[in-house]
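Rule-based calculations on the coordinates, nothing more; no lab input. Just so it is clear, the structure is predicted and the values come from calculations on it, not from any experiment. Cβ coordinates were reconstructed from backbone atoms using ideal geometry, including for glycine residues, and neighbour counts include every protein chain displayed.
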Amino acid sequence: MYLSWPRRVIDLARNAARERYLEVPLSQLALPLKLQDHAVFESFWPAGNKALVSYLHELVETGNGPGCWVWGAAASGKTHLLQAVCEKSDDCAVYVPLALLADAGPGILDGLSSRQFVCLDDVHLVAGDADWDLALFKLYNLVTDAGGSLVATAVAAPRECRFGLADLASRFSLLPAYRLSALNEADRIKALQLRARHRGLDLPDDTAIFLLNRSKRDMMTLYALLDQLDTAALEAKRRLTIPFVKETLNSIR
């Protein structure tokens with residue numbers, strides 16, 4: 001599927017129950033984007049971030065609010081929450097992953113203010129570029145004037161993202177700001193088990209602890225391993241026991 005210019009943005013999170021691909025022409029390149037089936041509110045473990053999750057729920061339900069600025073380390077759940085907003089809002093939202101689309105230029109932001117919810121992921125990646133700063137400034141004002149909501153993510157607070165346009169940093173600083181808290185070990189286990197249940201799997205405590213002790217502990221890595229274990233368990237018709245997980249991890253490394 002191709003979206004014709006000037007609609008050069010990606011509408012994601014249509015059906016969070018399965019994975020699919022959209023392809024968008026970036027210059028001469030067709031870029032496939034895999035939608036994550038876990039990126040819904042129901043599969044997000046909210047420990048330490050309940051205020052943010054509650055705010056986003058209310059924002060989507062009521063449509064009232066300016067949006068917010070969400071910041072935190074890589075693999076802390078920012079993309080998950082943005083796509084959850086889009087999944088819940090359906091055609092009223094648009095998701096723009098700047099890590100993938102920055103090279104397409106700021107023109108991809110044209111026309112986005114027609115959506116109730118505009119979700120910009122990894123804004124820090126384009127901060128400081130004069131053209132992007134100006135385009136973001138215009139988009140912020142257009143969304144605000146239209147009564148929409150702008151939800152943006154970055155690795156830092158607005159004034160720490162090194163925007164070249166001071167007024168842009170000031171505008172973003174007006175948004176409610178939430179810092180995503182990292183999960184402790186107990187909550188990592190609960191987050192993994194929630195993700196497993198969302199996929200129809202049972203992940204016992206001892207197996208989850210074994211998995212944490214045999215891999216990197218960031219959630220992106222852990223979720224990726226769980227996805228691989230899901231596929232392997234389905235093919236082998238096995239449960240996620242420690243022997244099976246050990247055997248599978250040895251085979252994929």
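Miscellaneous remarks
- Considering all different alpha carbon pairs of region 185-252, the Kirkwood hydrodynamic radius works out to 11.7 Å.
- Rounded to whole Hz, the Karplus (6.51, -1.76, 1.60) HN-Hα couplings of region 209-217, x for glycine and proline: 5, 4, 5, 4, 7, 10, 8, 4, 9
- Calculated FRET value between A99 and D227, using beta carbons and R₀ = 22 Å, to 0.05: 0.65
- Fewest neighbouring Cβ atoms within 10 Å first, the residues H198, H80 line up as H198, H80.
- Taking one quarter of the surface of the convex hull spanned by the alpha-carbon atoms of region 94-253 gives a direction-averaged projected area of 11.7 nm².
- Translational D in µm²/s for region 21-179 (Stokes-Einstein at 37 °C, 0.692 mPa s, Kirkwood Rh from C-alpha pairs): 208 µm²/s
- The distance between label points at N64 and K216 comes to 4.3 nm (points 7 Å beyond Cα on the Cα→Cβ vector).
- Region 185-252: relative contact order as a whole-number percent, Cα under 8 Å and 6+ apart: 31 percent
- Near C68, the amide H atoms lying under 5 Å from its own belong to L150, V151, A152; only residues 5 or more places off or on other chains count, and H is placed 1.01 Å from N.
- Loop-resident trypsin sites (Lys or Arg not before Pro) (DSSP state other than H, G, I, E or B) in region 142-215 with no more than 13 further Cβ atoms inside 10 Å of their Cβ: R162.
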